[in-house]
Amino acid sequence: MSVTRTALRTVVIAYLFFLVGWPLWMVVQETFLSGENHLVSTLQDPAVRSALRVTLAAAAWAVVLNTVFGITLGILLVRHDFPGKRLLGLFVDLPIAVSPIVVGLALLLAYGPVQGWLGRPLAELGILVVFSFPGIVLAVTFVSLPLVLRAVIPVLREIGIEQEVAARSLGAHAVQILWRITLPSIRGAVTYGIILTLARAVGEFGAVLIISGGLVGQTETATMAVQRFHQGFATGSSYAIGFLLALIGIAALAIVTVLRPKEHTRGN
Amino acid sequence: MGIEIHHVRKTFGSFTALEDIRLSVPSGGLTALLGPSGSGKTTLLRILGGQEEPDAGSVYLAGRDVTRLPAQQRNIGFVFQHYAAFTHMTVAKNVAFGLEVRKTPKAQVRRRVQELLELVQLERFGDRLPAQLSGGQRQRMALARALAVDPSVLLLDEPFGALDAKVRKELRDWLRQLHEEVHVTSVFVTHDQEEALEVADTVVVMNQGRIEQVGTPEEIYDHPASDFVFGFIGEVTRFGELRLRPHDVEVTLDPESGSHPGRITRLTRIGFEVRLEVVLDSDPGSLGGAHPPVNVQLSRTESQALDLQQWDAIWVRPRAAAGGREVEVLRVGAGR
Ligand SMILES: Nc1ncnc2c1ncn2[C@@H]1O[C@H](COP(=O)(O)OP(=O)(O)OP(=O)(O)O)[C@@H](O)[C@H]1O
Ligand SMILES: [Mg+2]
């Protein structure tokens with residue numbers, strides 16, 4: 001191996017270590033090795049358990065909504081032509097281009113019970129979006145909106161319509177083609193998109209901070225609990241929750257890594 | 001009761017892909033649609049398959065007007081150039097697909113799939129994925145899949161187009177045999193005249209969206225109905241005002257009646273065949289312009305009997321019974 005390659009490799013490893021590995025390791029250390037096992041004690045706090053529940057439930061909603069949305073829009077964008085298609089393609093990327101805190105503000109304006117033009121009629125119907133669970137779902141769904149879509153589109157393009165045409169000539173109707181041909185062939189991409197969505201939704205902070213109100217034990221999410229403990233000098237607990245969040249992210253990445261190479265060996 | 005096509009027309013924008021196509025394909029036959037690239041073969045096949053609608057005219061399959069019938073109700077089998085295998089399903093599942101969407105009982109599906117896999121000699125490969133098959137095997141799988149639903153018509157778009165020469169030849173013979181076993185009315189598209197002449201019992205020659213000629217391979221080869229067909233179906237060489245096949249040129253060492261002197265500028269041996277390029281001393285006709293070299297095709301025995309070598313001076317003339325054609329077209333230039 002040449003000297004430059006060794007040097008490059010060292011630089012990359014050092015970069016990753018100081019930026020990612022070392023800080024994360026510190027979190028682990030603070031959680032488990034600073035006198036007591038903070039994970040166990042923190043999990044006994046009902047507010048923490050509630051925050052974790054809220055986070056996971058909202059993420060699950062985001063996954064379901066964005067999967068349905070991503071697959072439907074993906075098929076629409078790849079397989080059909082309609083006016084405004086390119087614009088729509090740009091528009092759906094907006095949620096990850098805009099800072100989450102801005103997303104939170106925008107949602108507050110639109111869905112707030114007082115001035116929100118959608119929020120007020122909904123509030124009159126007794127549905128409170130802001131400062132409640134639906135608002136959190138809305139925020140995390142919004143910020144992770146295009147992840148399934150973007151995973152699905154290239155695969156849909158690549159498989160083309162050949163198999164669908166073949167299925168039709170064999171007598172399959174539209175629903176059968178969708179279930180038996182299209183969906184199975186994008187399954188890998190959908191899973192990939194789902195995991196990214198999940199990781200993004202679980203880790204969301206800025207948008208939910210603004211729209212959820214952060215009522216402890218009710219509308220507080222895990223990331224917000226981290227912030228609260230941290231500011232309240234209960235650093236052990238904040239590291240423990242941080243550790244759990246990092247664990248979810250790492251698990252998601254591990255699954256993605258396992259799934260990723262398979263995509264390439266597929267097809268003819 | 002095979003396929004009837006009445007006055008079918010198809011345009012793409014201002015481009016006419018098919019012009020007044022009339023064709024009757026006998027039931028149980030194996031018909032080739034032959035023509036150069038862009039002549040409209042695929043378009044015609046897609047209209048038969050229901051993937052494209054004609055602008056005018058009608059299509060009858062087995063006596064039924066299917067012109068406006070969607071593809072999935074036509075009961076046709078379609079084999080695609082690039083296999084269109086269902087990549088996430090096993091070979092057996094691929095073959096079973098048409099039956100499963102028809103809600104055929106499981107036991108029956110299993111039996112039929114087994115039967116078909118045996119027919120296409122893939123019985124040992126049922127559990128594999130298409131990606132684990134060779135191109136030839138994949139195309140056989142696609143054929144079994146198309147045959148599974150007992151189609152009244154089998155349509156194949158350049159079924160061997162993506163395969164290498166040797167596999168192509170094997171599959172060609174195999175398709176011929178298979179057709180003798182199952183006898184389903186079949187139409188296949190090709191731009192390879194050898195393939196068409198060898199496999200089909202009826203050849204339809206197409207050019208620029210029209211049908212030039214319909215006939216048996218012998219009729220097409222021996223009695224081409226137009227200059228286009230003559231030129232497309234086999235090699236052609238010019239001798240004065242005549243266009244003829246290179247093997248219809250006779251070579252002699254001495255002058256004979258109607259023969260013309262020339263010199264062998266190239267001599268190539270391909271297996272048992274010998275090809276000559278002969279530059280004539282003067283133009284035997286009166287078309288004017290430079291006369292191109294005459295291409296001659298001989299058997300090795302003939303060549304050896306005359307002891308032909310490069311640069312030999314010889315005499316050439318059309319064979320007595322040569323199926324040559326007067327060449328009006330050469331006077332106005334190239335084209336049909
Ligand atoms: N969807 C389409 N839109 C516009 N033009 C088309 C379309 N499909 C075919 N054509 C045109 O119609 C003509 C005939 O096409 P077709 O595919 O039938 O040719 P072909 O005989 O199958 O040629 P090849 O041997 O190259 O496959 C071509 O000039 C092609 O450009
Ligand atoms: Mg074609």
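The values are calculated or read from the model by the stated rules, or taken from the named source; none is laboratory data. Bear in mind the structure is a predicted one, so any value in this text is a computation, not a measurement. When we count neighbours, we look across all protein chains shown, and the Cβ atoms used for this are built from the backbone with ideal geometry, even at glycine. Protein only, heavy atoms only, side chains kept; ligands, DNA and RNA dropped before computing areas. Shrake-Rupley method; radii C 1.70, N 1.55, O 1.52, S 1.80 Å.
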Seminar exercise, completed: Partner shielding of B:63-73, as the mean number of partner chain Cβ atoms within 10 Å, equals 2
For this session: Can you find, among A:GLY188, A:MET224, A:LEU253, the residue farthest towards the positive end of the dipole of chain A? Put +1 on the C-beta of Lys and Arg, -1 on that of Asp and Glu.
Result: A:GLY188
For this session: Per residue of the range B:275-284, in order, report the coupling 6.51 cos²θ - 1.76 cosθ + 1.60 (Karplus, θ = phi - 60°) as ³J(HN,Hα) in whole Hz, putting x for Gly and Pro.
Result: 10, 10, 10, 10, 9, 6, 5, 8, 6, x
Seminar exercise, completed: Taking every other residue with Cβ under 11 Å from the Cβ of A:GLU164 and scoring Lys and Arg +1, Asp and Glu -1, one gets +2
Problem set entry | Summed buried accessible area for B+A [probe radius 1.4 Å, Å², rounded to 100] | 1900
Exercise. Over chain B, what number does the Rg to Rh ratio reach, with both radii from the alpha-carbon atoms and Rh per Kirkwood?
Worked result: 1.07
Problem set entry | Accessible carbon and sulfur surface of the range A:38-259 relative to its total accessible area, %, 1.4 Å | 72
Exercise. Considering only the range B:3-229, what is the antiparallel percent among its DSSP beta bridges, to the nearest 5?
Worked result: 50
Exercise. Long-range amide H contacts for B:ARG319: which residues qualify at under 5 Å (H placed 1.01 Å from N, peptide plane, sequence gap of 5 or more or a different chain)?
Worked result: B:VAL249, B:GLU250
For this session: Determine the relative contact order of chain B: mean sequence separation of Cα pairs under 8 Å and six or more apart, normalised by residue count, in whole percent.
Result: 17
Exercise. What shape does the range B:1-149 take by its C-alpha gyration tensor, where a ≥ b ≥ c are the square roots of the eigenvalues and a/c under 1.5 counts as rounded, a/b above b/c as prolate, and the rest as oblate?
Worked result: prolate
Exercise. Ordered by residue, what ³J(HN,Hα) values in Hz, to whole numbers, does the range B:202-211 give under the Karplus form 6.51 cos²θ - 1.76 cosθ + 1.60, where θ = phi - 60° and Gly and Pro are x?
Worked result: 10, 10, 10, 9, 10, 8, 6, x, 10, 8
Exercise. Considering chain A as a Gaussian network with a 10 Å cut-off on Cα pairs, which listed residue, A:LEU77, A:LEU39, A:LEU87, attains the greatest mean-square fluctuation?
Worked result: A:LEU87
For this session: Enumerate the lysines that B:LYS93 could reach by cross-link, defined here as Cα to Cα under 30 Å, with residues fewer than 8 away along the same chain left out.
Result: A:LYS262, B:LYS103, B:LYS106, B:LYS166, B:LYS169
For this session: Count neighbours as other Cβ atoms within 10 Å of each site's Cβ, and list the trypsin sites (Lys or Arg not before Pro) in the range B:1-87 that are DSSP loop with at most 13 such neighbours.
Result: B:ARG68
For this session: Excluding B:PRO70 itself, calculate the net charge of residues whose Cβ lies under 11 Å from the Cβ of B:PRO70, where each Lys or Arg counts +1 and each Asp or Glu counts -1.
Result: +2
Seminar exercise, completed: Under the helix-only model (-39500 (n - 2.57) for each DSSP H run of 4 or more, divided by the residues of chain B), the mean residue ellipticity at 222 nm, to 500 deg cm²/dmol, is -8500 deg cm²/dmol
Exercise. How large is the helix-only mean residue ellipticity at 222 nm for chain A, computed as the sum of -39500 (n - 2.57) over DSSP H runs with n ≥ 4, divided by its residue count, in deg cm²/dmol to the nearest 500?
Worked result: -23000 deg cm²/dmol
Problem set entry | Where the protein assembly as shown is the region considered: accessible area per residue in Å², 1.4 Å probe | 50
For this session: Find out how many positive minus negative residues lie around B:PHE80, taking Lys and Arg as positive, Asp and Glu as negative, among other residues whose Cβ is under 9 Å from that of B:PHE80.
Result: -3
Exercise. For A:VAL12 and B:GLU181, what does the FRET efficiency come to when R0 = 41 Å and r is the distance between their Cβ atoms, rounded to the nearest 0.05?
Worked result: 0.05
Exercise. Out of A:GLY188, A:GLY217, A:GLY35, any idea which swings most in a Gaussian network model of chain A, alpha carbons joined below 10 Å?
Worked result: A:GLY35
Problem set entry | Tensor-based shape of the protein assembly as shown (alpha-carbon gyration tensor, a/c under 1.5 rounded, otherwise prolate or oblate) | prolate
Seminar exercise, completed: With +1 on the Cβ of every Lys and Arg and -1 on the Cβ of every Asp and Glu, the dipole magnitude of the protein assembly as shown about its Cα centre, in debye rounded to the nearest 20, is 2500
For this session: May I ask which residue of B:GLY63, A:VAL3, A:VAL140 lies farthest towards the positive end of the charge dipole of the protein assembly as shown, with charges of +1 (Lys, Arg) and -1 (Asp, Glu) on Cβ and the Cα centre as origin?
Result: A:VAL140
Problem set entry | Peptide B:75-84, shielding by other chains (average Cβ, 10 Å cutoff) | 4
For this session: Grab the Cα-Cα distance for B:THR301 and B:LEU69, subtract it from 0.36 nm times how many residues apart they are, and report the gain in nm with one decimal.
Result: 77.7 nm
Exercise. How large, in percent, is the carbon and sulfur part of the accessible surface of chain B at a probe radius of 1.4 Å?
Worked result: 48
Exercise. In terms of the Cα gyration tensor, with a ≥ b ≥ c the square roots of its eigenvalues, is the range B:65-110 rounded because a/c is under 1.5, prolate because a/b exceeds b/c, or oblate?
Worked result: oblate
Seminar exercise, completed: For chain A, the percent of all C-alpha pairs falling in each 10 Å bin, from 0 up to the bin holding the max distance, is 7, 22, 28, 23, 15, 5, 1, 0
Exercise. About its Cα centre, how strong a charge dipole does chain B have in debye, to the nearest 20, once Lys and Arg get +1 and Asp and Glu get -1 at the Cβ?
Worked result: 1680
Problem set entry | Amide H contacts under 5 Å for B:LEU154, placed H, 5+ residues apart | B:GLY77, B:THR185, B:SER186, B:VAL187
Exercise. If amide H atoms are built 1.01 Å from N in the plane of the peptide, which residues on other chains or at least 5 residues away come under 5 Å of the amide H of B:THR104?
Worked result: none
Problem set entry | 3J(HN,Hα) from dihedral phi, the range B:297-307, Karplus parametrisation 6.51/-1.76/1.60, rounded to Hz, x for glycine, proline | 10, 10, 7, 4, 4, 4, 4, 5, 4, 8, 6
